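Reading through the structure tokens given below for one structure.
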Amino acid sequence: MDFQEQTALTTANNSFSKRSTVLILAIACGLAIANVYYNQPLLGHIGRSLEIPVKQVGFIPFLTQMGYATGLLLLVPLGDRMERRNLITTMLLLLSCTLVAEATSPNLIWLSIASFALGFCSIVAHLVLPLVAYMTAPEQRGKVIGTLLSGMILSVLLARTVSGAISEHFGWRSVYAIAAGVMIILALIVRKEIPVNKPSSTLSYQQLMASLVDLFRQQPVLREASFNIALIFAAFNIFWASLIFLLESPVYNFNAQVAGLFGLAGIIGAITTPLVGRLTDERGPRMLVGIAVSLALSAFVILWLAGTHLMGLVVGVIILDLGMHTGYISNQIRVYNLVPNAESRLNTVYMVINYSGGALGSFMGTYVWGLWHWNGVCALGFSLLTIAALIHFNTRQRKLIQNP
């Protein structure tokens, strides 16, 4: 590393050491990713507005998250070879355009295309996170990334709450119109706060994409962490995509605003995320992954047995969110620690697999609800988490035998 690079890295480190900068980046990450989740409490309104049956409306969150996974695959690797500040600002402005398209959708086809494009452009957080990981000392990485993820998680929770409330008063389209304006403001703020950052790789785009396959093949921890979080996230989205239909059913007779308020039940997960980051630094991420899987499994047991009672549903949501967020950050830190100067590409593999699982979970949640209602939803989520537990603890046992 030459003198100029060292000076730039020191300047960026000083910038990221300021709590205000980290807070702004946490808000930016959160507001960008929140766009992916606005539609979950709105599915009932969208279906009635565009006359879409339940089984088809489930494609909306599925397409949004598949767009997100595609954006992660095709765009995030660019963070290792392009100047990140310009890339992040550009993506925020493009995201604003897709939100306008979503708000003006006249039919299912337009809405489907706009939803995919919206997800595709919502990958801003995963351009910011590798940048922060690269610019942060390893012994502080868990703490700083935990703070950023806390902002992301809190925004996802509030996204459901805010979109449900706005939809009840002003219609579902207004949710996306407001978000479009927020993205433009955010682009201006982020451009001012993020320092110019020299790319960490000189590989061509084709070489970057080929290296994703190499990383996946050569890094068993990357494969293990990616499939673990994909199974947890699939179960998580199975629950959230179908929750609105449970709440609107005769069991509860609630509306979209109340469905959105259930997102606040998971705020404990957001608050505890920085603590999870610190525990990961101190105890190691693998132990936290085991705790995450156990929490998520426990949550689905509670939801299955007591989800038709309000208190049981709230407790289940809290524990499920704790499990999801613990698994997310602990697995992600495992991945970031694998190969220096490849943070964006490692994150790409991890998040593409993660969101592919989440997208399938969103679709399966609404589809299974249409067939078997709440019992089917809980059985499917529990089954996926059982697979995650078997893989995780079986792998751990093999490693203990090999390295007693």
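Summary of values
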item: Cα gyration tensor, the range 292-376 - rounded (a/c under 1.5), prolate or oblate; result: oblate
item: Least to most buried among 93, 43 (fewest other Cβ within 10 Å first); result: 93, 43
item: Per-residue Cβ neighbour rank within 10 angstrom, fewest leading, 214, 80, 321; result: 214, 80, 321
item: Where Cα atoms sit under 28 Å apart: lysine pairs in the chain separated by 8 or more or lying on different chains; result: 6
item: HN-Hα J in Hz across the range 126-132 - Karplus 6.51, -1.76, 1.60, θ = phi - 60°, x for Gly and Pro; result: 8, 8, 6, 4, x, 4, 5
item: 51, 248 arranged by Cβ crowding within 10 Å, fewest neighbours leading; result: 51, 248
item: Karplus (6.51, -1.76, 1.60) ³J(HN,Hα), θ = phi - 60°, over the range 27-32, in Hz, Gly and Pro reported as x; result: 5, 4, 4, x, 5, 5
item: Rounded FRET efficiency, nearest 0.05, which uses the C-beta distance separating residue 379 from residue 223 and R0 of 25 Å; result: 0.40
item: Simple spin-label estimate for residue 86 and residue 252 in nanometres, 7 Å along Cα-Cβ; result: 4.8
item: Equivalent ellipsoid dimensions for the range 3-402 as semi-axes, Å, which come from the Cα gyration tensor, largest first; result: 32, 26, 18
item: Full-stretch length increase - residue 341, residue 196 - with 0.36 nm per residue and alpha-carbon distance subtracted; result: 50.5 nm
item: Theoretical FRET efficiency, 1/(1+(r/R0)^6), r = Cβ-Cβ of residue 113 and residue 93, R0 22 Å, to 0.05; result: 0.70
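No lab work stands behind these numbers, since they all come straight from the coordinates. It should be emphasised that the depicted structure is a prediction, and the values quoted were computed from it without experimental measurement. Cβ atoms come from the backbone with ideal geometry, glycine included; neighbour counts cover every protein chain shown.
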